[in-house]
Amino acid sequence: MPFPYREIGHGEPVVLLHAFPLSARMWEPNAGAIAASGFSVIAPEFPGFGENQEFERVSSMESMADGVLKILESLNIERASFVGLSMGGYVLFSILRKRPDIVAAVALCDTTARADTTEKRDGRAKLIALLESKGSKALVDEMLPNLLSQHTFGDNRPLSDSLRRQFLECDPDAAAAALRGMAERPDSVELLAGTDQPVVLIFGEEDKVTGLDGMREMADAAPSSETAVISDAGHYSNLENPKEFNRILTSFLKRRAVNH
Ligand code: MLT
């Protein structure tokens, strides 16, 4: 069974890969704008998130990539542009490793090409233990304070409230499975350096999770990549400043995905 996915628009395919612990719903402020620029938007849901309620003990980035590739196969899509935010970026690296031929253009948003450090893995193990004892409230307590910009916390209460609800709705076992999968992902710096597809790096200026240092490191690894820093945004740049995010992304897609 291919993963469930949302679909809107007509034109060249653009695949949107969601972050942890969200679902394809996170692309609601973006999908319409991308479709209106002449693209067919496909937004899969990874195991345990949104409509995709089947998951195993470990949700590897590789298995997520396989699920996305199955959707494209079922739609007879041979080439698409991919947008991955944070965990979605890790899945995009796995797609690039498996099927570079299917990738027309790459947008890496608030993510990193680096594998987890020992410290990061320890943090994930701690969060898994908290998910077991406190349930999905652990996601709200441990993650939310770090994710959003000052602007979002101060002036966009509906967004922070909506994220809090989405975190609470997330199945704690599914979140733990994805955390295990992220912890075991390989380093992708060399893969990025060897990528010959057009690349854009889009980061919130206050992203404290993946951060602008990581963006600069990826830009050094892939010197022909474009970079864009989104103001008034933290780790979820597409949700916190969708207007700016959509402007940057659609401009890139129109220039780089068309006539690939
Ligand atoms: C995400 O936003 O997908 C996660 O914060 C990524 C991570 O934990 O590495």
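The values are calculated or read from the model by the stated rules, or taken from the named source; none is laboratory data. A quick note: this is a predicted structure, and the numbers were derived from the prediction, not measured. All Cβ positions, even for glycine, are placed from backbone atoms using ideal geometry, and neighbour counts span all protein chains on display. Just the protein is used for accessible areas: all its heavy atoms, side chains included, with ligands, DNA and RNA removed. Shrake-Rupley method; radii C 1.70, N 1.55, O 1.52, S 1.80 Å.
Tabulated values for the structure
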read-out	value
Per residue value of the accessible surface for the chain (all protein chains in place, 1.4 Å probe), Å²	43 Å²
Along principal axes, Cα extents of the chain, largest first, whole Å	51, 40, 34
Accessible surface of the chain [probe 1.4 Å, protein heavy atoms]: carbon and sulfur percent	47 percent
Cut-off 9 Å between beta-carbons: net charge of the residues surrounding His18, Lys and Arg +1, Asp and Glu -1	0
Rounded to 5, percent antiparallel among DSSP beta bridges of the chain	15 percent
Where N is the number of residues in the stretch 1-129, Cα Rg divided by 2.2 N^0.38 Å	1.04
Total formal charge among the other residues, if their Cβ is under 14 angstrom from that of Val200, Lys/Arg +1 and Asp/Glu -1	+1
Highest-MSF residue in the chain out of Glu206, Glu54, Glu217 [GNM, Cα springs under 10 Å]	Glu54
Residues Glu132 and Met1, FRET efficiency given R0 of 35 Å [Cβ-Cβ distance, rounded to 0.05]	0.80
The stretch 133-209 - charge dipole about Cα centre, Lys and Arg +1 at Cβ, Asp and Glu -1, debye rounded to 20	360 debye
Under 13 Å, Cβ to Cβ, from Arg6 - net charge with Lys/Arg +1 and Asp/Glu -1	-3
Kyte-Doolittle at least 1.0, axis length at least 15 Å by Cα - qualifying DSSP helices, the chain	none
